[in-house]
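What follows is a short report on a single structure.
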Amino acid sequence: MLNPIEATNLSRSFGDIKAVDSIDLSVSSGEVFGFLGPNGAGKSTAVRMLTTLLKPSGGSAQVAGFDVVKNPSTVRKKIGVALQDAAIDPLMTGNELLRLQCVLHGLPKRSSSVRCGELLERVGLTVAGDRRVGTYSGGMRRRLDLALSLVHEPEVLFLDEPTTGLDPTSRIALWEEVRNLNQDLGTTVFLTTQYLEEADQLAERIAIIDGGKIVREGSPSSLKSAVGAPTLRIDVSENDLPSARTVMNRFGEERPAQKNRIAIGLISGTPGITDVMNALADSGIEIQHVELDEPSLDDVFADATGRRLEGGKA
Amino acid sequence: MKNNVFPQVVKLSHRSILGMLRQPQSWAPGLFFPLLLAAVYSSQFSRAVTIEGFPFADVSFLDFVLPACVIQGVLFGSTNSASDLAADIENSFMDRLLVSPVSRGSILISRLASAFMYGVAQATILISIFAAFGANIAGGAPTIISIVVIAALLSVSMGSFGIAIALRTGSQEVVQSTFPLIFVAVFVSSAFFPVQLMEGWYGAIARKNPLTWVIDPTRRMTIHGFSWNDLGQSLGIILAIASVGVGLSIRQLRRRLVRAQ
């Protein structure tokens, strides 16, 4: 059985500019897949091709088992899409928009009412359902957008930068909703984002896109561990410093650190921290403070492109 | 899940009409300006009907300008539907429609339907106000219904050009920039003065202006009473205009869709 999203050599050019350059994608059923990259990397162009809004210049893509060029109308019945700018009519109420969306997807009138009520409750907009969308906050609009993309219980949900422009509280609330959705309904989620934390928090697997090409792909932890060993830092008293250094050097190469602090690149990765702590305790060394600094997705991005993502940790 | 086109057209038309009603600034000028002009012209040009060569005898200037004001009001608002469509394109609501399994034709039909409903509402309100101020509509109900139908179809036909522009440019500003053209087209026609009394280039343009060919038979019905010939002439011109406008709209919709599939 085909994966819900499969793309081979998918490309799109605008004149001489290759917005998406021969990318391959394979997203498993029930997976939350993160498509991470800076502005202009080609994320939205890829989503527009996968959601039948834009014809590919080359390659092919199947979504929910159907070719996006040969069977676009079937694909549209099986996908839910929340686009980048929360495309919502400000003159209509949340309830009216949900009912419109039900009709567009051919839902029977009777079940539509129930479905709209359920969805408003799911995204916490029951009270605001009869208010015009023009009065909604950015977070409410995004949550309504999410509800609109769910009316027909899609097999695959595309979220194009769902939290761009949201305040931290609204962002976390939306993450929680996406997590619940994936866990409760098993919906496959294809999420584009420029936020490292968002990809790290939500996605089981990530593809990093830059200049239209996928430059890294894998689970966040595997991508980060591939960049290098995490840095383990411990603070000890000045007297314990020489013996602590001897013990620590058995577990990895020493890295620069402040006074009374020893830092190493922990070769065995995060799980190896227990061995280090035990060895230090066996040597009678009193540990005053411990820090383990995992490589971030920004380090992964920097390793792949030589640049840092905006907002990433330098 | 069913995928019936008819409920989609009804629901999208409902949305278009609702959107229009909730923006009084979009339809109020189309109601206000024709009434203002009618009031000014009726008081200032009331004796114009006595000028030698005036084509209608024993008629008030209010009766004379009634069909023109109705048509003017409808034309002033005919870009509303197109402007709302351009807004949908600008704010990506159109993309929401296109990623759903909605029939592509229903997107266009719903906008034309809202233009029709706008024409019906605008014409009905304007005729009622004119009647309240003493305008006499010869032929009674058949003439009134004819004027409403003419106004509604004219709204669709002129609106369809705006819709084609909206689909082509996706810009509300460009759509609204066509308004002065409509304004000029109304004034260089027989709307407020009979072409028989016009001279020079102004008269020449007015005689060749399709709006004159719509207004004149509509006016004859208002003053002389209902006539199938006059109704047919008005509708014939409107349908000819509509066939070009709707054809252009379909072409532009296809052009926009071909970029996707």
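The values are calculated or read from the model by the stated rules, or taken from the named source; none is laboratory data. Keep in mind that this is a model prediction, so the values were computed, not measured. Cβ coordinates were reconstructed from backbone atoms using ideal geometry, including for glycine residues, and neighbour counts include every protein chain displayed.
Within region A:62-79, the set of residues being in contact (Cβ under 8 Å) with a residue 40 or more places away in the chain and more than 9 Å from chain B (Cβ to nearest Cβ) comprises A:Q62, A:V63, A:A64, A:G65, A:K78. Scanning region B:170-187 for residues that are among the small types (G, A, S), touching a residue at least 60 places away in the same chain (Cβ under 8 Å) and not in a helix (DSSP H, G or I), we see that the one that is nearest to B:P29 (Cα to Cα) is B:S171.
Selection of region A:239-259 for residues being assigned to a helix (DSSP H, G or I), of a type in the set (A, V, I, L, M) and free of Cβ contacts under 8 Å to residues at least 40 places away in the same chain yields A:L241, A:V247, A:M248. The residues in region B:15-31 that are within 8 Å of chain A (Cβ to nearest Cβ) and surrounded by fewer than 19 Cβ atoms within 10 Å (Cβ to Cβ) can be counted, and the count is 3.
Quickly run through region A:1-33 and pick out the residues that are farther than 13 Å from A:A61 by Cα, surrounded by 14 or more Cβ atoms within 10 Å (Cβ to Cβ) and within 17 Å of the chain's Cα centre (by Cα). If the condition is that a residue be farther than 13 Å from A:A61 by Cα, surrounded by 14 or more Cβ atoms within 10 Å (Cβ to Cβ) and within 17 Å of the chain's Cα centre (by Cα), then A:S29, A:G30, A:E31, A:V32, A:F33 are the ones that fit.
Among the residues of region A:90-120, the ones that are crowded, with 22+ Cβ neighbours inside 10 Å and closer than 18 Å to B:A87 by Cβ come to 2 in all. Inside region B:228-261, residues that are outside any helix (DSSP H, G or I) and either within 12 Å of B:P67 (Cβ to Cβ) or without any contact (Cβ under 8 Å) to a residue 60 or more places away in the chain (or both) make up a count of 2.
Sort through A:V103, A:V81 and tell me the only one that's modelled with pLDDT under 95, within 16 Å of B:F93 (Cα to Cα), in a helix (DSSP H, G or I) and in contact with a Lys or Arg (Cβ under 8 Å, 6 or more places away or on another chain). Being modelled with pLDDT under 95, within 16 Å of B:F93 (Cα to Cα), in a helix (DSSP H, G or I) and in contact with a Lys or Arg (Cβ under 8 Å, 6 or more places away or on another chain) holds for just one of A:V103, A:V81, which is A:V103.
Being surrounded by 13 or more Cβ atoms within 10 Å (Cβ to Cβ), more than 30 Å from A:R12 (Cα to Cα) and within 31 Å of the chain's Cα centre (by Cα) holds for only one residue in A:L266, A:L280, A:L241, and it is A:L266. Residue count for region A:65-77, restricted to those that are within 30 Å of A:Y136 (Cβ to Cβ) and either in contact with a Ser or Thr (Cβ under 8 Å, 6 or more places away or on another chain) or modelled with pLDDT of 95 or more (or both): 2. Here A:G165 does not fit the description of being farther than 22 Å from A:A46 by Cα and modelled with pLDDT under 90.
Residue-wise test of (1) within 12 Å of another protein chain (Cβ to nearest Cβ); (2) farther than 25 Å from B:L98 by Cβ; (3) touching a residue at least 12 places away in the same chain (Cβ under 8 Å).
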residue: A:I88; (1), (2), (3): yes, no, yes
residue: A:K109; (1), (2), (3): yes, no, no
residue: A:E121; (1), (2), (3): no, yes, no
residue: A:R132; (1), (2), (3): yes, no, yes
residue: A:P154; (1), (2), (3): yes, no, yes
residue: A:A173; (1), (2), (3): no, yes, yes
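Considering region B:88-140, and only residues there that are crowded, with 23+ Cβ neighbours inside 10 Å, closer than 30 Å to B:I223 by Cβ and not small (G, A, S), the residue that is nearest to the other protein chains (Cβ to nearest Cβ) turns out to be B:Y118. For A:V127, the stated conditions hold: it is in a loop (DSSP other than H, G, I, E, B) and more than 9 Å from every other protein chain (Cβ to nearest Cβ). Of everything in region A:260-314 that is of a type in the set (G, A, S) and in a helix (DSSP H, G or I), the residue that is farthest from A:L223 (Cα to Cα) is A:A281.
Residues that are without any contact (Cβ under 8 Å) to a residue 60 or more places away in the chain and assigned to a strand (DSSP E or B) within region A:211-238 comprise A:E217, A:G218, A:I234, A:D235, A:V236, listed in sequence order.
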